[in-house]
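The values are calculated or read from the model by the stated rules, or taken from the named source; none is laboratory data. A quick note: this is a predicted structure, and the numbers were derived from the prediction, not measured. Note: ideal-geometry Cβ built from the backbone for every residue, glycine included; neighbour counts use all protein chains shown.
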Amino acid sequence: MRLGYTAADVRAAEEPLLAAGAPLMARAAAGLAAVCRRELVAAHGRVAGARIAVLAGAGNNGGDALFAAAALAARGAAVTVIEALGRPHADGLAAVRAAGAQAADTGAARAALADADLVLDGILGTGARTGLPAPLADLLREWQTDTGARGVLGRTQLTIAVDVPTGVDATTGERGEVWVEADTTVTFGALKSGLLLPGGADAAGRVELVDIGLDMGDAQPRVQALDEDDIAPLFPFPRRGDHKYTRGVLGLVAGSDAYPGAAALAGVAAIATGVGMLRLVGPRRVADAVLAITPEAVAGRGRVQAWALGSGAPAEYEMRASLADARESGLPVALDAGALALVEGPLGHPAVLTPHAGELAELLGRLEPGDAPDRAAIEADPVAAATAAARATGAVVLLKGPRTVIARPDGSLVAPAPGPAALATAGTGDVLLGVLGALLATTAEHEPVPDLALVAGLAVLLHSAAGHATTHASGLPAALEARIVALRESEAGR
């Protein structure tokens with residue numbers, strides 16, 4: 001698990017070190033230079049002779065980049081400095097010039113960027129806004145378009161961002177109209193939350209943390225970022241002495257005569273996740289569809305430890321009855337699709353909502369009439385929308401998307417690693433509901449007060465892992481890839 005902090009909290013942690021005269025910039029530059037050396041050797045086999053363009057801003061971010069570039073120039077790299085926002089850090093500029101770097105004026109900057117083996121983005125740091133002056137925005141836009149350096153040279157150009165990519169808000173991940181898209185971002189002291197959230201995470205590429213001696217102390221992380229390494233520590237494995245009831249019983253209200261498959265997908269997923277028992281509530285056709293493939297499921301109501309509601313247009317009265325049971329007994333509940341329409345305000349009991357952007361727009365439209373974002377606005381700023389919904393409902397909100405974000409009512413976030421694009425198909429949301437419901441039921445038995453946001457994050461990780469397991473390295477579903485290979489072999493044999 002990686003923890004991301006606000007820019008303000010990181011700056012506060014730096015203050016006592018700066019007051020004591022700690023050489024933070026020297027530590028940062030040394031770590032940055034080490035990453036640059038490694039990446040240049042991996043991509044080009046050497047540092048000596050490599051062409052490096054440094055986009056140097058006027059603040060400490062630019063100073064970090066310039067001192068690192070000076071170290072690379074001392075190893076034989078050909079460094080060109082582009083003064084992106086006025087006069088750069090004076091000592092850093094002196095160091096890189098002493099090491100033999102050249103300066104590029106406005107006219108030469110485009111050529112320097114196009115010819116570079118490595119571009120160091122040291123324009124803006126953690127305290128900067130995302131907006132850029134028009135000439136600089138035009139320069140960056142031209143460099144990073146398909147008709148610029150990356151599109152026509154037919155070679156590998158590396159971009160390494162210093163602390164945060166220019167144009168990305170270090171706290172929220174929000175991107176301006178123009179931003180730098182990095183292969184690697186080298187950040188210092190502590191991870192900035194914006195590097196782990198939608199928008200910023202995509203711009204940052206791989207994020208590497210350089211230790212400069214910061215102690216975050218009592219600062220509360222804004223983001224907990226999860227990846228596949230977190231599955232085992234978070235998963236509620238069976239314990240010796242467990243039985244079906246202590247493994248958790250899930251009540252599933254999903255599917256309808258029109259959409260029986262939704263219940264089948266959710267039910268199979270719940271059982272595969274390891275729930276102790278699955279109770280299915282719904283019409284006979286739905287029960288028959290589920291029992292045909294999961295005969296261990298039980299049709300009808302009974303004692304449960306958690307509810308999962310909403311996939312496949314189930315009957316409203318069944319969902320309301322289950323929601324009332326959860327409210328009265330304090331059981332955790334996962335609400336998806338049709339069940340989201342039942343949310344009209346604070347829920348008052350443990351709950352996880354699992355909307356996509358369109359469903360969240362409808363939900364916020366009911367909760368905040370006249371002031372709610374539409375789907376496009378939610379997709380542009382998913383963190384703000386998910387947080388608003390979590391605060392309005394008192395529930396954990398799992399906003400599904402290319403990079404899923406999970407918001408708690410207190411404003412803190414969980415950011416699970418994204419799954420493969422092949423998961424963007426009908427039915428995968430039903431599977432996620434089953435996985436989440438199973439985990440809610442099981443953890444309700446394992447933990448007195450489970451962290452529902454982490455449970456939801458684990459559900460996303462398991463869902464993504466299943467997607468990766470059924471996706472070929474080409475990005476195609478494994479079954480489709482196998483079919484294509486068979487067709488190719490058939491054609492080759494003719």
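Any residue that is of a type in the set (S, T, N, Q), in contact with an Asp or Glu (Cβ under 7 Å, 6 or more places away or on another chain) and in the same structural domain as residue 180 (by TED's automatic domain parsing) - is there at least one of those in segment 97-106?
The initial filter retains those residues of segment 97-106 that are of a type in the set (S, T, N, Q), namely 102, 106.
With the extra rule that they be in contact with an Asp or Glu (Cβ under 7 Å, 6 or more places away or on another chain), the set shrinks to none.
There is no residue in segment 97-106 that is of a type in the set (S, T, N, Q), in contact with an Asp or Glu (Cβ under 7 Å, 6 or more places away or on another chain) and in the same structural domain as residue 180 (by TED's automatic domain parsing).
Scan segment 185-203 for residues that are in a helix (DSSP H, G or I) and over 11 Å from the mean Cα position of the chain (by Cα) and report the count. First the steps, then the outcome.
Applying the first criterion (in a helix (DSSP H, G or I)) to segment 185-203 yields 193-196, 200-203.
After this cut, where a residue has to be over 11 Å from the mean Cα position of the chain (by Cα) as well, the list is 203.
Adding up the residues that qualify gives 1.
Which of the following residues is more than 20 Å from the chain's Cα centre (by Cα) and closer than 26 Å to residue 448 by Cβ: 348, 338? Unique residue meeting the criteria: 348. Could you tell me which of the residues 409, 450, 420 is in contact with a helix residue (DSSP H, G or I) (Cβ under 6 Å, 6 or more places away or on another chain) and without any contact (Cβ under 8 Å) to a residue 24 or more places away in the chain? So the residue among 409, 450, 420 that is in contact with a helix residue (DSSP H, G or I) (Cβ under 6 Å, 6 or more places away or on another chain) and without any contact (Cβ under 8 Å) to a residue 24 or more places away in the chain is 409.
Conditions (1) within 15 Å of residue 442 (Cα to Cα); (2) out of contact with any helix residue (DSSP H, G or I) (no Cβ under 6 Å at 6 or more places or on another chain), marked per residue:
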| position | (1), (2) |
| --- | --- |
| 240 | yes, yes |
| 258 | no, yes |
| 264 | no, no |
| 269 | yes, no |
| 277 | yes, yes |
| 283 | no, yes |
| 289 | no, no |
| 303 | yes, yes |
| 306 | yes, no |
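Restricted to segment 384-415, and to residues there that are crowded, with 24+ Cβ neighbours inside 10 Å and in contact with a Ser or Thr (Cβ under 6 Å, 6 or more places away or on another chain), the residue that is nearest to residue 436 (Cα to Cα) is 398.
State all residues of segment 291-301 that are within 28 Å of residue 446 (Cβ to Cβ) and of a type outside the set (S, T, N, Q); if no residue qualifies, say none. First the steps, then the outcome.
Just the residues of segment 291-301 that are within 28 Å of residue 446 (Cβ to Cβ), to begin with: 291, 293-301.
Scanning segment 291-301 gives 291, 293, 295, 296, 297, 298, 299, 300, 301.
So if I check each of 378, 406, which one is part of a strand (DSSP E or B) and modelled with pLDDT of 85 or more?
On the way: 378 fails: part of a strand (DSSP E or B).
From the options 378, 406, the qualifying one is 406.
If you scan segment 444-463, which residues turn out to be assigned to a helix (DSSP H, G or I) and modelled with pLDDT of 95 or more? Explain how you work it out, then say what you get.
In the first step, residues of segment 444-463 are kept if they are assigned to a helix (DSSP H, G or I); the result is 444-446, 452-463.
452, 453, 454, 455, 456, 457, 458, 459, 460, 461, 462, 463 - these are the residues of segment 444-463 that are assigned to a helix (DSSP H, G or I) and modelled with pLDDT of 95 or more.
Quick one: is residue 166 in a loop (DSSP other than H, G, I, E, B), within 23 Å of residue 226 (Cβ to Cβ), at pLDDT 95 or above and among the β-branched types (Val, Ile, Thr)? Break it down into steps so the answer makes sense when it comes.
Values: in a loop (DSSP other than H, G, I, E, B): yes; within 23 Å of residue 226 (Cβ to Cβ): no; at pLDDT 95 or above: yes; among the β-branched types (Val, Ile, Thr): yes.
So residue 166 fails the test.
All of (1) within 28 Å of residue 457 (Cα to Cα); (2) not in a loop (DSSP other than H, G, I, E, B) hold for residue 218 with one exception: (2).
Looking only at segment 99-137, count how many residues are among the hydroxyl-bearing types (Ser, Thr, Tyr) and surrounded by 13 or more Cβ atoms within 10 Å (Cβ to Cβ). Let's see the steps before the verdict.
Residues of segment 99-137 among the hydroxyl-bearing types (Ser, Thr, Tyr): 106, 126, 130.
Filter once more, keeping what is surrounded by 13 or more Cβ atoms within 10 Å (Cβ to Cβ): 126, 130.
Within segment 99-137, residues that are among the hydroxyl-bearing types (Ser, Thr, Tyr) and surrounded by 13 or more Cβ atoms within 10 Å (Cβ to Cβ) number 2.
Close contacts from segment 221-238, counting a first residue that is exposed (fewer than 12 other Cβ atoms within 10 Å of the Cβ) and a second that is not small (Gly, Ala, Ser), with Cβ to Cβ under 9 Å and a gap of 6+ residues or different chains, come to 229/1; 233/1. The set of residues from segment 296-316 being closer than 20 Å to residue 430 by Cα and either touching a Phe, Trp or Tyr at 6+ places or on another chain (Cβ under 6 Å) or loosely packed, with under 12 Cβ neighbours inside 10 Å (or both) comprises 296, 300, 312, 313.
Going by what's in this entry, would residue 282 be described as crowded, with 22+ Cβ neighbours inside 10 Å, modelled with pLDDT under 95 and either not aliphatic (A, V, I, L, M) or not assigned by TED's automatic domain parsing to the domain that holds residue 427 (or both)?
On the way: crowded, with 22+ Cβ neighbours inside 10 Å: yes; modelled with pLDDT under 95: yes; either not aliphatic (A, V, I, L, M) or not assigned by TED's automatic domain parsing to the domain that holds residue 427 (or both): yes.
Yes: the conditions hold for residue 282.
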